[in-house]
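This report refers to the structure that appears directly beneath it.
The values are calculated or read from the model by the stated rules, or taken from the named source; none is laboratory data. The shown structure was predicted, so the numbers you read here are calculated from the model rather than taken from an experiment. Note: ideal-geometry Cβ built from the backbone for every residue, glycine included; neighbour counts use all protein chains shown. Side chains are part of the model used for accessible areas, which takes the heavy atoms of the whole protein and leaves out ligands, DNA and RNA. Shrake-Rupley method; radii C 1.70, N 1.55, O 1.52, S 1.80 Å.
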Amino acid sequence: MTGKGRVVEGVELPPTGTYELDLAHTSVELVARHMLTKVRGRFTEFSGSIEVAERPEDSKVAVEIKTASIQTDTGQRDEHLKSEDFLLIEKYPLITFTSTAVRQTGGTSFELDGDLMIKGVTKPVTLTGEFLGTGPGMDGETPMLAATARTTIEREDWGVSWNMVVETGGFLVSKKVDIEIEVEAHKVK
């Protein structure tokens, strides 16, 4: 604890205000099964803000992710993910998340409800997370915060339904996708 912030239920909170995601220290990743193994991907271009309110439950989060920035370290797979079989990036260049509720669930744990839009389809999701702390940024003055959050979605709910049946049974790509987010954000106002 830095001793300068507000404390709610034993957790030091960051000062109220608007925080922007630090792209160099934030990651937006996904994990899906490909046959039996897990494949990890990430989006490299995104922006977002966190409005830290006086009452933590009144805080808000908004994120935009550029679909064309998806990377899995395999060019052929990346191009397939960008195609009409998956993200159809020409028609749907953005994935968005807008929070609708924040709940502290004990200690540093929280739940973040929001509307996730993929391929023009908006559905509610709940992320479970952990607030990792607050303190001064690299300049020694500007407040920053850190958190981690995750959720699992059924990709077909957003119209991302391409798949193939494999000879041994089952599908080539899992219907469930884990979304994992690591956040560092700095106060801008």
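So what is the 222 nm mean residue ellipticity for the chain from helices alone, if each DSSP H run of at least 4 adds -39500 (n - 2.57) and you divide by all residues, rounding to the nearest 500 deg cm²/dmol?
Result for the chain, helices only: -1000 deg cm²/dmol.
Provide the per-residue ³J(HN,Hα) series for the stretch 54-62, in order, calculated from phi with Karplus coefficients 6.51, -1.76, 1.60 and θ = phi - 60°, each as a whole number of Hz, with x at glycine and proline positions.
4, 9, x, 5, 8, 5, 9, 9, 9
Could you work out the percent of alpha carbon pairs in the chain separated by over 21 Å, rounded to a whole number?
Tail of P(r) above 21 Å: 52 percent of Cα pairs.
Using θ = phi - 60° and the Karplus curve 6.51 cos²θ - 1.76 cosθ + 1.60, what whole-Hz ³J(HN,Hα) does each residue of the stretch 43-49 get, with Gly and Pro shown as x?
Calculated HN-Hα couplings, in order: 9, 9, 10, 7, 8, x, 9 Hz.
Can you check what the net charge comes to around I70, using other residues whose Cβ is under 12 Å from the Cβ of I70 (Lys, Arg +1; Asp, Glu -1)?
Computed value for this residue: 0.
Could you check how much of the accessible area of the chain is carbon and sulfur, as a whole percent, using a 1.4 Å probe?
The computed percentage sits at 54.
Just the Cα atoms of the stretch 72-125, one point each, no solvent: what log10 I(q)/I(0) does Debye give at q = 0.13, 0.22, 0.26 Å⁻¹?
The computed values of log10 I(q)/I(0) come out as -0.49, -0.82, -0.94.
For the chain, report the accessible area per residue in Å² (1.4 Å probe, heavy atoms, rounded to an integer).
56
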